[in-house]
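For reference, the structure discussed in these notes is given below.
The values are calculated or read from the model by the stated rules, or taken from the named source; none is laboratory data. Just so you know, these numbers come straight off a predicted model, no measurement behind them. Virtual Cβ from ideal backbone geometry, glycine too; neighbours counted across all protein chains shown.
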Amino acid sequence: MNQRARYHPVAGTAAWIVALVMFFPIFWMVLASFKPELEAIATPPEVFFTPTLENYQTILERADYLSFAFNSIFISVGATALAIALAVPAAYAMAFYPTKRTRGTLLWMLSTKMLPSVGVLVPIYLFAKNLGLLDTRTLLIIMYMLMNLPIVVWMLFTFFKEMPKAIIEATRIDGASQWQTMIWVLLPLVLPGIASTALLNIILCWNEAFWSLNLTAHDAAPLTAFIASFSAPQGLFWAKLSAASTLAIAPIVVFGWFSQRQLVSGLTFGAVK
Amino acid sequence: MSHADVAVAMPTALRRPKNTGAHVSTLPMVVPSVGLLLIFSLVPLAATIYFSFLRYNLLNPLVGGFAGFRNYYYLFRDPALYHSLLISVLLVGEVLIITIASAAVLASLFQKQFPGRSIARVLMISPFFVMPTVSALIWKNLLMHPVNGFIAWITRSLGFGVIDFFADWPLTSVVVIVSWQWMPFAFLIMLTALQSLDEETREAADLDGAGPFSIFFHIEVPHMGRAISVVTMMETIFLLGIFAEIYVTTSGGPGDATTNLTFLIYQRALLAFNVGGASAAGVIAIVLANILATFMVRIVGKGLDV
Amino acid sequence: MALRHLVAGAAMLAATAGAASAATITIATVNNGDMIKMQKLAPKWEAATGNKINWVVLEENVLRQRVTTDIATKGGQFDILTIGSYETPIWGKQGWLVPLDFPAAYDTADVFPGVRDALSSGGKVYAAPFYAESSFTLYRKDLFDKAGLTMPAKPTYDDIAGFADKLTDKAHEQYGICLRGKAGWGENMAFVDTLVNGFGGRWFDEKWNAQLNTKPWHDALTWYVDLLHRDGPPGVTGNGFNENLALFTTGHCGIWIDATSAAGLVYDKSSSQVWDKTGFTAAPHGVTANGTGWFWAWAMAVPTTSKQPEAAKSFLAWSTSKDYIKLVGDTFGYTVLPPGTRISTYANADYIKAAPFAETVKASILTADITHPTKDPVPYTGIQYVAIPEFQAMGTEVGQLVSAALAGQSTVDAALQKAQDSVSSTMEQAGYK
């Protein structure tokens, strides 16, 4: 009896219907971005139309898309790399040498994520100004790194904890130092975990829209600022807005598609036993 | 954290391999991240507490000085505070229920074999990659718009007339948008958990004549228990700070129907630039976040095996 | 200080550009049609002066919040801010803006005096007007003819309600009236304030006591809510200027009362389906005509934290000059000139010919008197706003309550009572009493 290979027609159909419904808003937006303005708001909606690139032309003429996109990539990747570099030792120590304070520290770290960022804009803005960091990519990298550090530490902590303790013991007997153990023995083992942590973190950084809008002006402005310049324009705007939105999300969505297998296998948070 | 947490933590710590030898120092490993985070949260915290006792309005430099508890007095006197707390709770609660319930069912569907499964899964999780501002714009302008929206066209074609979502069902509409974004996240984690379910267990249940519903409720859902805890915790953290979706669609209205605590603080801090009053609200939010964190440790944390 | 190189024309700037060293300035602006045209023309100024511009374009509310944070904390991120007639005098008085003085070629006397005064504080001009607007009534001539109706030159609110009832045909998505319903001091409250003024109401009495639970407010809001329920489009609580513009230009509205700057857009053949069917008249009035048409100017100012004040001043002198207005006409057509700032614009035969609404707009702007906004005396200036720093938050909060009444989530009286309490509390905290 070969259960594994058997297709489930009912489950499959239901799953496909839900998947299509979930994806429909994105599909509809992309479709609208290729319509002339008047057709984009026509009811009943036009499904067959002559696609136009006019909206994209207008958007690209008006804003330097590549500069925004570059900032998004640079900041997301930079913040993620920094967060991982800081979090790996911490997560390692917490997982293998827990103390009385470990659990409390972890939960406290997570609770810092619940603080409303709008409330501290003024103090942060003043600090950034005094350090001369306003409108720099460095500032956003630091902010995002700090913002997501709790999540990163926690995720890595759960990966480390699933590592067999015997390996650690064995290397220790060999006389390897803490750092050596961590770098040569454990890191290769938890690499998939680190990868999916990094992926999630990049997505979170990419989509952050409060600090990126408020701490940048021109030089460091990422795609969230790009979309803010189109979010309420005059006149008929549905198609142009759709084009701008498509441009803003396309890199990260495509990135997500390609890395989803990794994401799926790694997003466990220690919940798999 | 409180003593209670430490008490809960103790047995867990004891199960870990003993900290062999006092010479092992992990401090240099923990200090960079914990230290940075400490500074990052304590400095603004100190500033927030300090500001909350000042008469400090950015727009009006002429008004200044020590305010005592006046900012808190005005805040607690304001019915908007209590209402925004209620909205926060409703928003988080409703989204949690919707996303977890539907993700459980979908995870169960997606771990079965069917043609094109991986493509369907990609489509399914795409909303999670979309930035909140954009998803709010899509829903507001292209789908839920009462004149030009896709949903209006469907309801009109079916003869139901149009639904003015953001006026008649403001909170529900926001909940729908936020759920659309976060359901894929719950789905991913729960699917991963479910894939670790021993195939034999399921087959055995199948042979015993258990129907799909019975398998779902008696085998799969219990197996996803820890994943559900994780999702609850992670989503709560993010959902408490929901802002962009509200800002783009309803601006907290009509009235205060969708003003959660984050949005209320935004109104105080960046619309009124009343730094004193906003800081007082911020302090309240911080206190509540910590109470909530402690609470979550009790309810959810046990299942996390932290 | 004689700004010799600060001249209006691009050509003259080019001649003197050699003296000034090249600078990079950052301009924060909104994404309105007129500003987008400015962005397209700005390379001419850059070429003439050798300076470079970094544009920060944001949606209006985000821009306001962003710019306010920066200027109030002296962040120094911007060299030119796009601000309105509400902020300019307040910020100028607080010493946040550089006072402007223009060379003779700029012809300050050509700027409408009301506009100039609105952008001044203590006798100093703090911002250069980019375009100015009042509010007026737009209506569909074809629908009026078909229904056998005539729009009077000075309609009353009762007239408007009567017409809207006759023009509504919801089965054909034809709505008698479109008005702003989206909450915000610059959105629904802009209209509601003019409405309240017309019904004889005011925000504060002479001693800064809030007046929001008085009869004129009740009557005005009842008129507003009832009329929009009867004759308004669905989704009205989400409609601001842009949404109404889209509705009107696609032929869904019979009457629309909004900014005069809509005229150029409605008349633009490329984006409007009703450009040849639209009539214009004054904003409606009630027991008084005081404050029934609003006054607003988008202007550009240089913050004191600017590192390039000379280049910044040079740019705003160029972009608000007579020559710039002519350049817009030559490039984009005369229908879409930046309106409402200069007497010479309305003396231009090309403009009068291309823009049949010009006279109505000019009359509306000249009538709007921000120093006498209400029937009864008030301690503030501003028609659709109260020129105090606390207003933008108060206005938006009251706007939220008005939209709740419009959505049917509370009664008009309950909303107004809440508004009264909240405004009184804010004023008490701010120390007005």
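Residue under question is residue C:238, and the condition is that it be buried (at least 24 other Cβ atoms within 10 Å of the Cβ), on the phi > 0 side of the Ramachandran plot and within 22 Å of the chain's Cα centre (by Cα); does it hold?
It is false that residue C:238 is buried (at least 24 other Cβ atoms within 10 Å of the Cβ), on the phi > 0 side of the Ramachandran plot and within 22 Å of the chain's Cα centre (by Cα).
Within the group B:238, B:217, which residue is more than 9 Å from every other protein chain (Cβ to nearest Cβ) and of a type in the set (Phe, Trp, Tyr)?
Numbers: B:238 fails: more than 9 Å from every other protein chain (Cβ to nearest Cβ).
Exactly one of B:238, B:217 is more than 9 Å from every other protein chain (Cβ to nearest Cβ) and of a type in the set (Phe, Trp, Tyr), namely B:217.
Residue B:104 versus (1) touching a residue at least 12 places away in the same chain (Cβ under 8 Å); (2) touching a strand residue (DSSP E or B) at 6+ places or on another chain (Cβ under 9 Å): which is the lone unmet condition?
Among (1) touching a residue at least 12 places away in the same chain (Cβ under 8 Å); (2) touching a strand residue (DSSP E or B) at 6+ places or on another chain (Cβ under 9 Å), residue B:104 violates only (2).
Out of A:95, A:79, which single residue is crowded, with 22+ Cβ neighbours inside 10 Å, in contact with a Phe, Trp or Tyr (Cβ under 6 Å, 6 or more places away or on another chain), farther than 17 Å from residue A:139 by Cβ and more than 8 Å from every other protein chain (Cβ to nearest Cβ)?
A:95
If you check C:309, C:303, C:284, which single one turns out to be in contact with a Phe, Trp or Tyr (Cβ under 7 Å, 6 or more places away or on another chain) and assigned by TED's automatic domain parsing to the domain that holds residue C:99?
C:303
Which members of the range C:289-334 meet the condition of being surrounded by fewer than 21 Cβ atoms within 10 Å (Cβ to Cβ), in contact with an Asp or Glu (Cβ under 7 Å, 6 or more places away or on another chain) and polar (S, T, N, Q)?
Result: C:308, single match.
Looking only at the range B:257-272, how many residues end up being assigned to a loop (DSSP other than H, G, I, E, B), under 16 Å from residue B:75 (Cβ atoms) and either at the interface with chain C (Cβ under 9 Å from one of its Cβ atoms) or hydroxyl-bearing (Ser, Thr, Tyr) (or both)?
Pass one, the range B:257-272, residues assigned to a loop (DSSP other than H, G, I, E, B): B:257-260, B:272.
Right, trim to under 16 Å from residue B:75 (Cβ atoms) and you get B:259-260, B:272.
Okay, now just the ones that are also either at the interface with chain C (Cβ under 9 Å from one of its Cβ atoms) or hydroxyl-bearing (Ser, Thr, Tyr) (or both), so B:259, B:272.
Qualifying residue count for the region: 2.
Show me the helices (runs of 4 or more DSSP H) entirely contained within the range B:177-240 in which 1 or more residues are buried (at least 22 other Cβ atoms within 10 Å of the Cβ).
Correct list: B:225-239.
Would you pick out the residues in the range C:264-301 that are farther than 18 Å from residue C:328 by Cα and assigned to a strand (DSSP E or B)?
Result: C:278, C:279, C:280, C:281, C:282, C:285, C:295, C:296, C:297, C:301.
If residue A:63 satisfies every condition in (1) more than 14 Å from chain B (Cβ to nearest Cβ); (2) exposed (fewer than 15 other Cβ atoms within 10 Å of the Cβ) but one, which is the exception?
Against the list (1) more than 14 Å from chain B (Cβ to nearest Cβ); (2) exposed (fewer than 15 other Cβ atoms within 10 Å of the Cβ), residue A:63 comes up short only on (2).
Under 23 Å from residue B:69 (Cβ atoms) and of a type in the set (Gly, Ala, Ser): which single residue out of B:227, B:257, B:204, B:285 fits that description?
Details: B:227 fails: under 23 Å from residue B:69 (Cβ atoms); B:257 fails: under 23 Å from residue B:69 (Cβ atoms); B:204 fails: under 23 Å from residue B:69 (Cβ atoms).
The match here is B:285.
I'm told residue C:119 meets every condition in (1) modelled with pLDDT under 90; (2) touching a Phe, Trp or Tyr at 6+ places or on another chain (Cβ under 9 Å) except one. Can you identify the failing condition by its number?
Residue C:119 satisfies every listed condition except (1).
Within the range C:207-260, count every residue that is part of a helix (DSSP H, G or I), polar (S, T, N, Q) and out of contact with any helix residue (DSSP H, G or I) (no Cβ under 7 Å at 6 or more places or on another chain). Outline the logic, then answer.
To start, the set of residues in the range C:207-260 that are part of a helix (DSSP H, G or I) comprises C:215-231, C:236-238, C:241-249.
Still in the running and polar (S, T, N, Q): C:222, C:237, C:242, C:244, C:249.
From the residues that got through so far, the ones that are out of contact with any helix residue (DSSP H, G or I) (no Cβ under 7 Å at 6 or more places or on another chain) too are C:242, C:244.
So the answer is 2.
In the set B:126, B:108, B:102, B:118, which member is out of contact with any Phe, Trp or Tyr (no Cβ under 9 Å at 6 or more places or on another chain), of a type in the set (Ser, Thr, Tyr) and over 30 Å from residue C:387 (Cβ atoms)? Walk me through how you get there before you give the answer.
Values: B:126 fails: out of contact with any Phe, Trp or Tyr (no Cβ under 9 Å at 6 or more places or on another chain); B:108 fails: out of contact with any Phe, Trp or Tyr (no Cβ under 9 Å at 6 or more places or on another chain); B:102 fails: out of contact with any Phe, Trp or Tyr (no Cβ under 9 Å at 6 or more places or on another chain).
After applying the criteria, what remains is B:118.
Filter the range B:129-151 for residues that are part of a helix (DSSP H, G or I) and more than 7 Å from every other protein chain (Cβ to nearest Cβ); which is farthest from residue A:256 (Cα to Cα)?
Applying the filter and picking the extreme gives B:151.
Need pairs with beta-carbon distance below 6 Å; first residue more than 8 Å from chain A (Cβ to nearest Cβ) and surrounded by 22 or more Cβ atoms within 10 Å (Cβ to Cβ) and within the range C:55-66, second at pLDDT 90 or above and assigned to a helix (DSSP H, G or I); sequence gap 6+ or separate chains.
Close Cβ pairs (under 6 Å, with a partner that is at pLDDT 90 or above and assigned to a helix (DSSP H, G or I)) do not exist here.
Determine if the range B:239-247 includes at least one residue that is of a type in the set (D, E, K, R), at pLDDT below 85 and either assigned by TED's automatic domain parsing to the domain that holds residue B:142 or within 22 Å of the chain's Cα centre (by Cα) (or both). Working first, answer last.
As a first pass, look at the range B:239-247 and keep what is of a type in the set (D, E, K, R): B:245.
Right, trim to at pLDDT below 85 and you get none.
No, the range B:239-247 has no match at all.
Restricting attention to helices (runs of 4 or more DSSP H) lying wholly within the range C:315-426, give those where 1 or more residues are aromatic (Phe, Trp, Tyr).
Counting at least 1 such residues, we get C:322-332, C:349-354, C:391-406.
Which one is nearest to the chain's Cα centre (by Cα) among residues in the range A:238-263 that are within 8 Å of chain B (Cβ to nearest Cβ) and under 20 Å from residue A:41 (Cα atoms)?
Looking at residues that are within 8 Å of chain B (Cβ to nearest Cβ) and under 20 Å from residue A:41 (Cα atoms), I get A:245.
Determine which member of the set A:151, A:168, A:141, A:124 is in contact with a Ser or Thr (Cβ under 7 Å, 6 or more places away or on another chain), part of a helix (DSSP H, G or I) and touching a residue at least 40 places away in the same chain (Cβ under 8 Å).
Criteria check complete, one pass: A:168.
Condition first: at positive phi and within 18 Å of the chain's Cα centre (by Cα). Can you find one or more residues in the range C:299-306 that meet it? It would help to see each step written out before you state the result.
Filtering the range C:299-306 down to residues at positive phi leaves none.
So far as the range C:299-306 goes, no, none of its residues is at positive phi and within 18 Å of the chain's Cα centre (by Cα).
Could you tell me which of the residues C:352, C:325, C:343 is touching a helix residue (DSSP H, G or I) at 6+ places or on another chain (Cβ under 8 Å) and free of Cβ contacts under 8 Å to residues at least 12 places away in the same chain?
Numbers: C:325 fails: free of Cβ contacts under 8 Å to residues at least 12 places away in the same chain; C:343 fails: free of Cβ contacts under 8 Å to residues at least 12 places away in the same chain.
That would be C:352, the only listed residue that is touching a helix residue (DSSP H, G or I) at 6+ places or on another chain (Cβ under 8 Å) and free of Cβ contacts under 8 Å to residues at least 12 places away in the same chain.
May I ask you to list the residues in the range A:125-174 that are among the β-branched types (Val, Ile, Thr), buried (at least 22 other Cβ atoms within 10 Å of the Cβ) and away from chain B (no Cβ under 12 Å)?
The answer is A:141, and nothing else.
Here is a check on your reading of the model: is residue C:139 assigned to a strand (DSSP E or B) and either more than 29 Å from residue C:275 (Cβ to Cβ) or at pLDDT 95 or above (or both)?
yes
How about the range C:174-206: which of its residues are surrounded by fewer than 24 Cβ atoms within 10 Å (Cβ to Cβ), out of contact with any Gly (no Cβ under 9 Å at 6 or more places or on another chain) and part of a loop (DSSP other than H, G, I, E, B)?
Correct list: C:205, C:206.
Residues B:61, B:79, B:28: which one is surrounded by fewer than 18 Cβ atoms within 10 Å (Cβ to Cβ), within 13 Å of chain A (Cβ to nearest Cβ), on the phi < 0 side of the Ramachandran plot and of a type outside the set (A, V, I, L, M, F, W, C)?
Numbers: B:61 fails: within 13 Å of chain A (Cβ to nearest Cβ); B:79 fails: within 13 Å of chain A (Cβ to nearest Cβ).
Criteria check complete, one pass: B:28.
From the list C:390, C:397, which residue is acidic (Asp, Glu), surrounded by 23 or more Cβ atoms within 10 Å (Cβ to Cβ) and within 14 Å of another protein chain (Cβ to nearest Cβ)?
C:397
Output the number of the condition that residue B:279 fails; it satisfies all remaining conditions of (1) touching a strand residue (DSSP E or B) at 6+ places or on another chain (Cβ under 9 Å); (2) among the hydroxyl-bearing types (Ser, Thr, Tyr); (3) facing chain C (nearest Cβ under 9 Å).
(3)
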